[in-house]
Amino acid sequence: MKKFSFAIHGGAGTILPSLMTAEKEATYKLGLSTALSIGTAILQNGGSSLDAVEAAVASLEDFPLFNAGKGAVFTNKGTHEMDASIMDGKTLEAGAVSGVSKIRNPIKLARIIKEKSGHVFLCGSEAEVFAKTQGVLFETDDYFYTEERYQQWQDVKHTDTYQMDHSDKLETGEKKFG
Amino acid sequence: TVGAVALDSYGNLAAATSTGGMTNKRFGRVGDSPMIGAGTYANNNTCAISCTGHGEYFIRAVVAYDISCLMEYKGLSLKEACEYVVKDKLVKFGGEGGLIAIDTVGNIELPFNSEGMYRAWVKNNEPMQIAIYK
């Protein structure tokens with residue numbers, strides 16, 4: 001029996017039990033168990049921890065209820081800007097990307113940045129140019145549209161506030177910067 | 001934000017994190033998720049970590065690397081380091097959120113100081129665990 005340990009998360013915050021219907025909770029748990037199973041299967045078959053975390057995060061990115069990939073929240077401009085990173089504990093090599101749009105799985109781009117770019121951290125439209133040279137999968141804006149995310153944005157888009165994913169608090173930024 | 005951490009059968013640790021950021025964000029705001037040492041970190045000598053929460057606080061506290069350093073330089077266990085950073089230091093900082101962490105012998109910690117965190121974990125061939133609230 002191969003020994004391994006594996007954990008995933010789908011975000012933290014003020015998850016209001018009053019808003020969490022039994023059906024919704026079951027859907028969230030389905031998303032978590034699917035991703036956990038994908039990573040576990042890789043580890044059980046002697047695969048690497050790097051492959052397991054990448055595959056599990058890609059599964060969560062494809063699941064519309066978590067704030068990543070398909071379920072990414074809207075920016076003030078009504079677009080989606082995504083960030084991702086990955087790190088190998090053996091080599092301390094890492095790959096990261098920030099502020100990219102239309103990329104189906106930003107975590108896959110982060111892995112390619114780690115292994116093929118010669119850099120650690122790429123951002124914005126130039127990172128998208130690199131992604132295209134590596135055959136990374138792009139999607140249309142419609143792919144990233146979910147009614148729930150759209151409504152979340154509509155609630156705050158004419159204000160100076162922004163909102164964390166699992167939160168009922170609207171932030172203005174003063175508090176954080178002291 | 002979503003994330004994963006793993007220890008494979010060769011003893012190698014790895015961590016990954018991905019996010020859509022904050023609703024209505026402007027000015028190219030970036031949180032901790034793509035920042036190695038803040039939102040994501042892995043080191044075969046200590047642990048693998050993926051964070052989620054209010055990015056500005058995780059960046060300023062360099063949370064993921066902070067936990068690794070407490071283990072490497074101060075000899076804290078993964079549990080002690082996670083409890084101190086997430087339940088004490090971050091709370092004083094006003095930073096809401098949590099993380100998932102695995103150490104070199106496969107211990108798993110999932111600390112969070114918010115009301116809930118979507119999380120799931122498994123060790124060897126034990127049953128999978130899935131939880132949302134404390």
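The values are calculated or read from the model by the stated rules, or taken from the named source; none is laboratory data. This structure is a prediction, so every number in the text was calculated from the model and none was measured. Every residue, glycine among them, receives a Cβ derived from its backbone with ideal geometry; neighbour counts consider all protein chains shown.
Remarks
Quick grid of which residues meet (1) in contact with a strand residue (DSSP E or B) (Cβ under 8 Å, 6 or more places away or on another chain); (2) surrounded by fewer than 24 Cβ atoms within 10 Å (Cβ to Cβ):
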position	(1), (2)
B:58	yes, no
B:61	no, yes
B:75	no, yes
B:87	no, yes
B:99	yes, no
B:106	yes, yes
B:116	yes, yes
B:122	yes, yes
B:128	yes, yes
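- Residue A:67 vs. criteria outside any helix (DSSP H, G or I), within 27 Å of residue B:116 (Cα to Cα) and more than 12 Å from the chain's Cα centre (by Cα): no
- Within the set A:53, A:73, the sole residue that is within 7 Å of another protein chain (Cβ to nearest Cβ), crowded, with 24+ Cβ neighbours inside 10 Å and part of a helix (DSSP H, G or I) turns out to be A:53.
- Residues that are in contact with a Phe, Trp or Tyr (Cβ under 7 Å, 6 or more places away or on another chain) number at least 1 in the following helices (runs of 4 or more DSSP H) confined to region B:1-97: B:55-60, B:63-74, B:90-93.
- Residue match in region A:25-36 (condition: touching a Leu at 6+ places or on another chain (Cβ under 8 Å) and surrounded by fewer than 18 Cβ atoms within 10 Å (Cβ to Cβ)): yes
- Residue A:18 vs. criteria more than 8 Å from every other protein chain (Cβ to nearest Cβ) and among the small types (Gly, Ala, Ser): yes
- Residues in region A:1-24 that are among the β-branched types (Val, Ile, Thr) and more than 18 Å from residue A:61 (Cα to Cα): A:14, A:15, A:21.
- Condition check for residue B:23: touching a residue at least 24 places away in the same chain (Cβ under 8 Å) and either under 27 Å from residue A:78 (Cα atoms) or crowded, with 24+ Cβ neighbours inside 10 Å (or both): no
- Selection status of residue A:128, more than 11 Å from chain B (Cβ to nearest Cβ) and at pLDDT below 95: no
- Options B:46, B:52: the member that is facing chain A (nearest Cβ under 8 Å), β-branched (Val, Ile, Thr) and touching a Ser or Thr at 6+ places or on another chain (Cβ under 6 Å): B:52
- Leading residue by the ranking (modelled with the highest pLDDT) among those in region B:26-35 that are surrounded by fewer than 24 Cβ atoms within 10 Å (Cβ to Cβ) and touching a helix residue (DSSP H, G or I) at 6+ places or on another chain (Cβ under 8 Å): B:30
- Test: residue B:37 is more than 7 Å from chain A (Cβ to nearest Cβ) and within 20 Å of residue A:106 (Cα to Cα): yes
- All positions within region A:1-35 that are in a loop (DSSP other than H, G, I, E, B) and modelled with pLDDT of 95 or more: A:4
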